[in-house]
Amino acid sequence: MLLKDRVAIVTGGAGINGLGFATARMLAAHGAQVVILDLAAANPAAAAAELGPQHLGVVADVTRRDECESAAEAALARYGRIDILFNNAGITQAKKTLDITDADYDAVLDVSLRGTLLMSQAVLPAMQRQGGGSIVNTSSVSAQRGGGILGGPHYSAAKAGVLGLTKAMAREFGPDGIRVNAITPGLIATDIIKGKLTEERKVEIAREIPLARLGRAADIGGAVVFLASELSAYCTGITLDVNGGMLIH
């Protein structure tokens, strides 16, 4: 098993049909003990129970420093270590530039960018004490191409910020044996796009992708398992495109 005896935290991981849970399930399949973080309404304890009794669900809002720190403490109290952090939590809004309000901006930037920073800060001291760890941050193809299909400009800005944060943390914590990388998903067929795209539009989009299909949640899970494991031991500060060739550059 690639991740035997490793402890992994997945933020925003309680949605059974979402990227976070699909990744949590794949991490667990490769031997990791998984801590699923999410808001109370998402019921992370139930999601963790779906994986098995050895896994843990913790209620936490990643925009709050105290809740991020408490979540890390809960993981350490249960397992004694933290090896992997998948910063998956994020929200999107399909707004045009002139329609973005202050509240819209705060909501999107707080979860995707601030949340990535706060949760990373919460686990980094434990990883330093252990002499290693792997952090995987979720950006988006929209950060690279200047806009996506569903997210507005503030979403692109937040996800571009994640790429800069990833590279800066990779430089800073590389000497501690901590690797920090980012993934940039394209359009992934999860609940987040339900009701927002017609079947005809999905077919049109798929025609423009070299692999001729939308992404699946498991595609993201596989990329995260790679970056979390020793298979990527000499990778840090990278941006791994997971978009079927939507953005070849």
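Close amide H partners of ILE135, meaning residues 5 or more places away or on another chain with modelled amide H under 5 Å apart, are LEU85, ARG179, VAL180, ASN181.
Could you tell me whether segment 138-249 comes out rounded, prolate or oblate from its Cα gyration tensor? Rule is a ≥ b ≥ c as square roots of the eigenvalues, rounded for a/c under 1.5, then prolate if a/b exceeds b/c, otherwise oblate. Display every interim value, and only then the final one.
Details: a/c = 2.49, a/b = 1.75, b/c = 1.43.
Prolate shape, in that a/c is at least 1.5 and a/b is the bigger ratio.
Using the Karplus relation 6.51 cos²θ - 1.76 cosθ + 1.60 with θ = phi - 60°, the per-residue 3J(HN,Hα) values for segment 49-66 come to 4, 4, 7, x, x, 7, 9, 10, x, 10, 7, 7, 9, 5, 7, 10, 4, 5 Hz, with x marking Gly and Pro. Put a dot 7 Å past the Cα of MET1, heading toward its Cβ, do the same for LEU211, and the two dots end up 2.6 nm apart. Between ALA218 and TYR234, the distance separating the two model label sites (each 7 Å from Cα on the Cα→Cβ line) works out to 3.1 nm.
Selection among GLY18, ALA47, LEU76 by position relative to the dipole of segment 7-241 gives GLY18 as farthest towards the positive end (Cβ unit charges, Cα centre). Sorting ASP104, ASP61 from the fewest to the most surrounding beta carbons within 10 angstrom yields ASP104, ASP61.
Compute the long axis of helix 19-29 from its Cα atoms, compare it with the longest principal axis of the Cα atoms of the chain, and write down the angle in degrees, 0 to 90, nearest 10. On a 0 to 90 degree scale, this one is about 40.
Only four residue types carry charge here, +1 at the Cβ of Lys and Arg and -1 at the Cβ of Asp and Glu. Report the dipole size of the chain about the Cα centre in Debye, rounded to the nearest 20.
On the way: 23 positive and 24 negative charges, 97 e Å.
The calculated dipole for the chain is roughly 460 debye.
The ranking of SER232, SER120, SER139 from fewest to most other beta carbons within 10 Å of each one's beta carbon is SER232, SER120, SER139. The charge dipole of segment 1-115, taken about its Cα centre with unit charges on the Cβ of Lys, Arg, Asp and Glu (plus for the first two, minus for the last two), comes to roughly 440 debye. GNM remark for the chain: springs join alpha carbons under 10 Å apart, and the peak mean-square fluctuation among THR116, THR239, THR97 falls on THR97.
With the Cα gyration tensor of segment 50-150 giving a ≥ b ≥ c as the square roots of its eigenvalues, does the rule (a/c under 1.5 for rounded; else a/b larger than b/c for prolate; else oblate) give rounded, prolate or oblate?
Values: a/c = 2.24, a/b = 2.08, b/c = 1.08.
Judged from the Cα gyration tensor, segment 50-150 comes out prolate (a/c at least 1.5, a/b above b/c).
Lysine pairs in the chain whose alpha-carbon atoms fall under 29 angstrom of each other, counting only those eight or more residues apart or on distinct chains, come to 16. Between ARG201, ARG114, ARG213, the GNM of the chain built on Cα springs shorter than 10 angstrom shows ARG201 fluctuating the most.
Put in order of Cβ neighbour count within 10 Å, fewest first, the listed residues HIS30, HIS154 become HIS30, HIS154.
What is segment 150-193 by shape, rounded, prolate or oblate, if you read a ≥ b ≥ c off the alpha carbon gyration tensor as root eigenvalues and call it rounded for a/c under 1.5, prolate for a/b larger than b/c, and oblate otherwise?
Working: a/c = 4.76, a/b = 2.04, b/c = 2.33.
Here segment 150-193 falls in the oblate category.
Computed from Cα atoms, the angle from the helix 115-130 axis to the main principal axis of the chain rounds to 30 degrees. To the nearest ten degrees, helix 153-173 and the longest principal axis of the Cα atoms of the chain are 30 degrees apart. Within the listed set ILE16, ILE84, ILE220, the Gaussian network model of the chain (springs between alpha-carbon atoms below 10 Å) gives the highest mean-square fluctuation for ILE16. The modelled label-to-label distance between ARG129 and LEU150, using points 7 Å beyond Cα along the C-beta direction, is 3.8 nm. Extension gain for ARG81 to ASP106 (0.36 nm times residue separation, less C-alpha to C-alpha distance): 5.8 nm.
All of the numbers you see were taken from the coordinates with simple rules; none came from a lab. What you see is a predicted model, and the numbers here were worked out from it, not measured in a lab. Neighbour counts run over all protein chains shown; Cβ positions are idealised from the backbone, glycine included.
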